[in-house]
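Asks: This is the structure I have questions about; it appears just below.
The values are calculated or read from the model by the stated rules, or taken from the named source; none is laboratory data. Fair warning: this is a prediction, and the values are worked out from it, not measured in the lab. Cβ: placed from backbone, ideal geometry, glycine included. Neighbour counts: every protein chain shown.
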Amino acid sequence: MEAFNYYNPTRLINGKDKQQEIGKILKEDGIEHVLLVFGKSSIKRSGLYDELVSILTDKGIRFTDHGGVKSNPVLAHTREGIQKVKENNVQAVLAVGGGSVVDESKAIAAGALWDGDVWDLFKGQKTNKALPLYTILTLSATGSEMNSGAVVTNEETLEKFSFSSPATFPKVSIVNAAFTFGLPMDYMAYSAVDAITHTLEVYFTAQEMPLLKRRFIENIVLTVMETTNKIIKDPKDYDSRAEFALASTWALNGLTTIGVGKYSFPNHMIEHSLSAIFDVPHGAGLAVVLPAWMKWYKEKNTKAFERFAKEVFGLDTADQGIVALEDWFFSIGAPTKLDALNVGVIDNKEVAENAFLTSKKWGMSDVYSIETISDILDIAR
């Protein structure tokens, strides 16, 4: 096991009606004015927006709206949020939504205290300053509610880059699984794929992994699969949704990588280019890329693939495990081939050249050249 120093400062609050505590929490922290960040209209249709307005008003907390975050958040809208913070003397950011809303909120929180353009941070500049961030999750998948990372697309250059900072961990995140009742089932499927991919990229690429971590990841994957199946059967199954949410958080809050050797996220590297160019849902893109990458990568870590097949699906070979996972993705309504994304003609070279920018940025270009990325995309056809 590798030496480690684990730190996660996010306070996680989980349960029905826990969103009602946000006013008290903000008041105790001395927050008098927040930027309220959300997506398009779902929190208004559900009544959550009106509830939060009432809670904030009751505590004397002012708010400035910043709605309209896309499912793949973009730079221009992020810059608009930063401008609102500066013009209105906002003290903190309150993100209400899924991973995209939380990611844009992290960029706004950091960008508001950055002297240059926020895109500098995505290009590699470092910051240790950000406004306090609070989140209320309405969709579980990304783990963004308990990590410091954020992903935003520059719609002008079609670059989808990430950044992280110790300052962008949410201070408090509230998870009420009942908010996911209105989530369309295709997005439920994409959420499951995203959570599973977060864990499996570590599982298969890590140079060293303690048995405890292998078992931990296998159980996260099994939990996500089992709860997803239950939710599809009974969409009002709160307990399964709550357990799914917790598994999704654990998939990317640092717990899976404690004591683990060097690892990488090649599937996210490739998918970020698919969603940057074609604006496909992140989880849908991963459902296409992950099985193809597994077929390409399996010989590099055969033992891990064979163990995965046995422990997760009760099968014997790496190939059987890959097929079983791909079949499960398809069974829950996720696309598993490029054509199934329904975005027209996908040019491998265009996607590969775009992804190679991230490959270099993440220090993966010695393994993932333009040609290699194109080969993986060929397998996905």
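Asks: What's the number of the only condition in (1) closer than 22 Å to Tyr190 by Cα; (2) surrounded by fewer than 24 Cβ atoms within 10 Å (Cβ to Cβ); (3) of a type outside the set (A, V, I, L, M) that Ser100 fails to meet?
Replies: All conditions are met except number (2).
Asks: What do you reckon, is Lys70 touching a Gly at 6+ places or on another chain (Cβ under 6 Å) and basic (Lys, Arg)?
Replies: Criteria not met by Lys70.
Asks: From Lys129, Lys160, Lys123, grab the single residue that is without any contact (Cβ under 8 Å) to a residue 40 or more places away in the chain, touching a strand residue (DSSP E or B) at 6+ places or on another chain (Cβ under 8 Å) and assigned by TED's automatic domain parsing to the domain that holds Lys16.
Replies: Just one listed residue meets the conditions, Lys123.
Asks: Okay, moving on. Among the listed residues Asn348, Asn301, identify the single one that is farther than 27 Å from Ile231 by Cβ and touching a Phe, Trp or Tyr at 6+ places or on another chain (Cβ under 7 Å).
Replies: Asn301
Asks: So, Ala324, is that one outside the structural domain of Val101 (by TED's automatic domain parsing), surrounded by fewer than 23 Cβ atoms within 10 Å (Cβ to Cβ) and modelled with pLDDT of 95 or more or not?
Replies: yes
Asks: Still on this model: Report yes if some residue within region 95-104 is small (Gly, Ala, Ser), touching a residue at least 24 places away in the same chain (Cβ under 8 Å) and closer than 16 Å to Ile13 by Cβ; otherwise report no.
Replies: Yes; the residues of region 95-104 include at least one that is small (Gly, Ala, Ser), touching a residue at least 24 places away in the same chain (Cβ under 8 Å) and closer than 16 Å to Ile13 by Cβ.
Asks: Need pairs with beta-carbon distance below 8 Å; first residue in the same structural domain as Asp120 (by TED's automatic domain parsing) and within region 69-91, second of a type in the set (Ser, Thr, Tyr) and part of a helix (DSSP H, G or I); sequence gap 6+ or separate chains.
Replies: Taking only residues 6 or more apart or on different chains, the pairs are Val69/Ser100; Lys70/Ser100; Ser71/Ser100; Asn72/Ser100; Asn72/Ser275; Pro73/Ser100; Gly81/Ser105.
Asks: Answer yes or no as to whether Gly333 is in contact (Cβ under 8 Å) with a residue 12 or more places away in the chain, crowded, with 19+ Cβ neighbours inside 10 Å and of a type outside the set (S, T, N, Q).
Replies: no
Asks: Residues of region 133-148 being over 21 Å from Pro281 (Cβ atoms), of a type outside the set (Ser, Thr, Tyr) and not in a strand (DSSP E or B), which ones?
Replies: Result: Met146, single match.
Asks: Hey, can you tell me all the residues within region 12-47 that are at positive phi and either touching a Phe, Trp or Tyr at 6+ places or on another chain (Cβ under 6 Å) or buried (at least 21 other Cβ atoms within 10 Å of the Cβ) (or both)?
Replies: Residues satisfying the conditions do not exist here.
Asks: Only helices (runs of 4 or more DSSP H) wholly contained in region 201-305 count here; list those with 2 or more residues that are at pLDDT 95 or above, more than 20 Å from the chain's Cα centre (by Cα) and assigned by TED's automatic domain parsing to the domain that holds Ser365.
Replies: Of the helices (runs of 4 or more DSSP H) lying wholly inside region 201-305, those with at least 2 residues that are at pLDDT 95 or above, more than 20 Å from the chain's Cα centre (by Cα) and assigned by TED's automatic domain parsing to the domain that holds Ser365 span 211-233, 238-251, 282-297.
Asks: Continuing with this model, one more query. Starting from region 170-189, keep only residues that are modelled with pLDDT of 95 or more, then list their pairs with residues that are acidic (Asp, Glu) whose Cβ atoms are within a distance under 8 Å, requiring at least 6 positions of separation or different chains.
Replies: Listed by first residue and then by second, the contacts come to Pro170/Glu145; Lys171/Asp29; Ser173/Glu145; Ile174/Glu21; Val175/Glu145; Asn176/Asp17.
Asks: Can I ask one more? Restricting to region 159-195, name every residue that is among the charged types (D, E, K, R) and part of a strand (DSSP E or B).
Replies: Of everything in region 159-195, those that are among the charged types (D, E, K, R) and part of a strand (DSSP E or B) turn out to be Glu159, Lys160.
Asks: Scan region 31-84 residue by residue and report those that are within 29 Å of Phe163 (Cα to Cα) and of a type in the set (Asp, Glu).
Replies: Once the filter is applied, which keeps residues that are within 29 Å of Phe163 (Cα to Cα) and of a type in the set (Asp, Glu), region 31-84 yields Glu32, Asp65, Glu80.
Asks: Name the residue that is surrounded by the most Cβ atoms within 10 Å (Cβ to Cβ), counting only residues in region 110-151 that are of a type in the set (A, V, I, L, M) and touching a His at 6+ places or on another chain (Cβ under 9 Å).
Replies: Filtering first and then ranking leaves Ala141.
Asks: I've got another one for you. What are the pairs with Cβ atoms under 6 angstrom where one residue, in region 31-58, is over 19 Å from Thr180 (Cβ atoms) and the other, located anywhere, is buried (at least 20 other Cβ atoms within 10 Å of the Cβ) and of a type outside the set (A, V, I, L, M)? Sequence gap at least six, or different chains.
Replies: So the pair list comes out as Leu35/His66.
Per-residue answers, yes or no, for (1) of a type outside the set (D, E, K, R); (2) at pLDDT 95 or above:
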residue	(1), (2)
Lys40	no, no
Glu51	no, yes
Lys59	no, yes
Arg62	no, yes
Asp65	no, yes
Val74	yes, yes
His77	yes, yes
